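The values are calculated or read from the model by the stated rules, or taken from the named source; none is laboratory data. Treat the numbers as computed from the prediction; the structure is a model and nothing was measured. Here the Cβ positions follow ideal geometry from the backbone for every residue, glycine too, while neighbour counts run over all protein chains shown.
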There are 2 protein chains.
Amino acid sequence: MTTDEMLRLENQLCFPLYVASRLTTRMYGPLLEELDITYPQYLVLLALWQTDNQPVGELTKRLYLETSTLTPLLKRLEQKQYISRKRSVTDERSVLIALTESGQALKEKAVCIPEKITELFRSSTIDMQELTGFYQTLQKIIQHAG
Amino acid sequence: MTTDEMLRLENQLCFPLYVASRLTTRMYGPLLEELDITYPQYLVLLALWQTDNQPVGELTKRLYLETSTLTPLLKRLEQKQYISRKRSVTDERSVLIALTESGQALKEKAVCIPEKITELFRSSTIDMQELTGFYQTLQKIIQHAG
DNA sequence: TACGATTATATCGTACACGATACAAATGTA
DNA sequence: TACATTTGTATCGTGTACGATATAATCGTA
């Protein structure tokens, strides 16, 4: 590859990665609107539905986000009454994030989302095997860059 | 897959896509800092180095960004004197984005970036063939979601 | 047990990112 | 040629995203 080719938009792997991420996020918009949450807020709830009552630091690790991103996001989820923020008793530095009843109930309304997204990709030419390989490469990238 | 498994963070393809995109973007940070530009600004310049003197609308299409994102970004690049914004003579609605001399010169300082990023992934277990497949799947996703 | 180092969050400033809305220039058509 | 429609950008409000910095609680150790 020449230097000129190296600098082509499409040849920088980061670019399609960046575009694909934003476009797929956009696909969630209409579905999440019904739950009155954004995509990153959805990811936080996914993490909590899986493991509830976690300190902020644990969530930053799982989501690969900085506390400077997560703290205000969590406050918005608190305002929506989906989560609670409580100082840990054993460690006053820690803030524990827990689902409210409302937040737990939301899970039932969210179960259909993965299916609907899968459905949107049904007509694409991406089969299960390809997806598995794609997923594995993503994991490698995350491992390497994280 | 059970509904509970469907709602696991890792099983939603969107999530690793979102993380991988942010983490790779972070890798560019230190390299781009030397050019005094951000990652999205770098992508705009890549597009211009490839095809100069384009209307804003053309850039939004190539980068899959809204004008509400691009307009302020372009103004910042203008402030840094890397690009110029001129109303088209043939169509007064259009704003043509062109590289300044300084912006063209920046290309020389940027040619090493793709190499350096590739270098950072050298020790990873991702080979050329895997990368090609990964790239093709990304394209399919973009085509389908775009 | 003082006290410097570390840890867990929070705050601030800057820069995206996008939907909704606005508006002027251009276009199509009666 | 009036004028409704479309097109190309811009503006505004909300919500990420992150580095730098701040601060209180905890820990390590002399």
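What the table below lists for this structure:
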item	result
Subset tally (residues that are more than 16 Å from B:Tyr28 (Cβ to Cβ) and of a type outside the set (A, V, I, L, M, F, W, C)) for the stretch B:108-136	12
Given (1) modelled with pLDDT under 95; (2) among the basic types (Lys, Arg); (3) farther than 30 Å from B:Leu48 by Cα, index of the condition A:Arg8 fails	(3)
Helices (runs of 4 or more DSSP H) wholly inside the stretch B:16-135 that include at least 2 residues being surrounded by fewer than 14 Cβ atoms within 10 Å (Cβ to Cβ) and of a type in the set (Asp, Glu)	B:101-110, B:112-120
Residue list for the stretch A:100-122, restricted to those being within 8 Å of chain B (Cβ to nearest Cβ), free of Cβ contacts under 8 Å to residues at least 60 places away in the same chain and under 27 Å from B:Gln143 (Cβ atoms)	A:Pro114, A:Glu115, A:Phe121
Where a residue in the stretch A:131-146 is within 7 Å of another protein chain (Cβ to nearest Cβ) and its partner, wherever it lies, is hydroxyl-bearing (Ser, Thr, Tyr), with Cβ under 7 Å and at least six apart	A:Phe134/B:Thr137; A:Lys140/B:Ser124; A:Lys140/B:Thr125; A:Ile141/B:Thr24; A:His144/B:Ser124; A:Ala145/B:Thr24; A:Gly146/A:Tyr64
Which listed residue is aliphatic (A, V, I, L, M) and closer than 30 Å to B:Leu120 by Cβ, from A:Leu70, A:Leu99, A:Leu31, A:Leu48	A:Leu70
Selection count where residues are touching a helix residue (DSSP H, G or I) at 6+ places or on another chain (Cβ under 7 Å) and among the acidic types (Asp, Glu), scope the stretch A:63-109	1
Flag if A:Ser68 is farther than 23 Å from A:Gly29 by Cα and more than 8 Å from DNA strand D (Cβ to nearest atom)	no
Enumeration of residues in the stretch A:14-45 that are over 30 Å from B:Glu115 (Cα atoms) and free of Cβ contacts under 8 Å to residues at least 12 places away in the same chain	A:Arg26, A:Gly29, A:Pro30, A:Glu33, A:Thr38
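Condition check ((1) within 11 Å of DNA strand C (Cβ to nearest atom); (2) within 14 Å of another protein chain (Cβ to nearest Cβ); (3) without any contact (Cβ under 8 Å) to a residue 24 or more places away in the chain) across all residues:
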residue: A:Leu48; (1), (2), (3): no, yes, no
residue: A:Pro55; (1), (2), (3): yes, no, no
residue: A:Leu59; (1), (2), (3): yes, yes, no
residue: A:Arg62; (1), (2), (3): no, yes, yes
residue: A:Glu66; (1), (2), (3): yes, yes, yes
residue: A:Leu70; (1), (2), (3): yes, yes, no
residue: A:Arg76; (1), (2), (3): no, no, no
